[in-house]
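Working notes for the structure below.
Since every read-out is calculated from the coordinates, none of them should be taken as a lab result. This is a predicted model, so every value here is computed, not measured. Note that we place each Cβ from the backbone using ideal geometry, even for glycine, and neighbour counts take in every protein chain shown.
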Amino acid sequence: MRQGSSATALRKHEPPELTTRLHIDQNDPFFFDHPLDHVPGMLLVCGAVGLVRAGAGGESGDRCRAAMTFRSICELDPAPVVLVSGGERGRIAVTQGPVTVADGWFEFSADDDLPARGSRTDPGRRAPANAALVHRSRDENIMIGAPEQGDGHVTAAVLPPSDGHALAGRRPGAHAVEYLIEAGRQFSTWLPHRLGEWPLDAHMLWIGVTADLPMRLPRSLPVALRWQQAPIEGDKAKFHFDLIAADGRGPVLGSLRFASKMLGPDEYARFRGDIGGER
């Protein structure tokens, strides 16, 4: 992710402890793809991913397991601070003044079962999902193809962003953790709207994400996210997605879990007003 010159990364002791103050650019074409009254969760995730990567010294393992829980809305000001402690495994915290807005953990491990290179025919970029259903306005920020239903599953192709995109990652030729998580977030947004009848003007509060993802999966292997279809009821949703080859063959490559809550426009306005009063 792009950060301003005020960002700092300070190694304090071993195991390493790193901090960075995130730069909030409301003109950023991805993170602020549309107007927001708060810092988006993906900006916090990307800040944590970058700092975890720095803490590992560029020698991270083949697979990363991690989780983040969002405990409070992150306001636009003051700039949040990300803290990562540990090298191969450790803790994550995102604070804003005295408030912990998110926290979690991570660990790296070896994985001898990952494909060394893509061996399937790339079907080309799929038609993207409907922008309104994934809460995006720019086509280049849509990370999933239009989901397809069949055999009790719903499957969405992952659409890697172009080079230079905020989520393109820093490892050429490999699927980036950043856009795989964003693809899962968009899929977890599409499903409640399309299959759970959540209205399009609903606000979705991201509660948490858990990831088990390969770090060196060749980008030449097209991938997709697959969800075993189940009822979506009420104003809360939880999803487990398998990361698979786009052609459906071979073993499961990783997984993502998402939890979110829906608020209607009036309920969201009251919720934001209550937070403003508390702060």
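Listing for the model above:
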| item | result |
| --- | --- |
| Gyration tensor verdict on the chain (Cα atoms; rounded if a/c is under 1.5, prolate if a/b is larger than b/c, oblate otherwise) | oblate |
| Zone of residue 263's modelled label, taken as backbone nitrogen in the stretch 181-201 under 13 Å from a point 7 Å along Cα→Cβ | none |
| The chain - charge dipole about Cα centre, Lys and Arg +1 at Cβ, Asp and Glu -1, debye rounded to 20 | 440 |
| Ranked 148, 178, criterion: other C-beta atoms within 10 Å, fewest first | 148, 178 |
| For the stretch 126-279, the fraction of alpha-carbon pairs in successive 5 Å shells from zero, as % | 2, 9, 18, 21, 20, 14, 9, 5, 3, 1, 0 |
